[in-house]
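The structure under discussion appears below in the form of structure tokens.
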Amino acid sequence: MFDRILVAMDTSAIGKDVFEEALCLAKASNSRLMLLHVLSGEVEGSSSVPMFPTMGYYPGVSERTLELYQQQWQEMERYGLELLRSYTQQATAAGITTEFHQCAGSPGRTICRTARDWKADLIVIGRRGLSGLSELLLGSVSNYVLHHAPCSVLTVQHRVSTHPEATEHDQTIENLQISS
């Protein structure tokens, strides 16, 4: 069936559903998992932080704003790594060989490149259900991956949750965002 499953994670509420679906598949097919989190300001719901590792000069941006961006970027990195470590521990405890990687870049391209380099048989990715103008304006990482992936792709549809933890998680992410 599948030997290597790349799990494209983000810090939104759907990330947990994506992980659980991939874990279930890995258990059923005795697969390895690669958990991937791409740091980017391109994705809906992500912070408005410029990509510091790949960009340098920001004309017209104050020194204080740059400091805030840097702090926010570091918080995004820290939070992403904590999330990846937590999910890796859960998968390992379930007997699944799991590794993780976090990097900065364009999410769709980075996911496809990682799948190709890691020789993934399957990519599991979330889908928020954007369509029409929203998808056109915000883009769609899952749509890009579906059209450019070097392997099969499983999209996990976003489920709206009324669970208090989901609301708290969404609020935490909103608190990380800076308005410029």
Within the stretch 87-131, list the trypsin sites (Lys or Arg not before Pro) lying in a DSSP loop whose Cβ has at most 15 other Cβ atoms in a 10 Å radius. Lys119
List the residues, sorted by chain then number, that are 5 or more residues from Ser152 or on another chain and whose placed amide H is less than 5 Å from its amide H. Ile123
For Asp10, list long-range residues whose amide hydrogen, built 1.01 Å from N in the peptide plane, is under 5 Å from its own amide hydrogen. Gly15
Going by C-beta contacts inside 10 Å, put Leu122, Leu154 in order with the fewest on the left. Leu154, Leu122
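Each reported figure results from applying straightforward, stated rules to the coordinates on display, with no laboratory input. Quick caveat, the model's predicted, so the values are computed rather than measured. We place every Cβ from the backbone using ideal geometry, glycine too, and count neighbours over all the protein chains shown.
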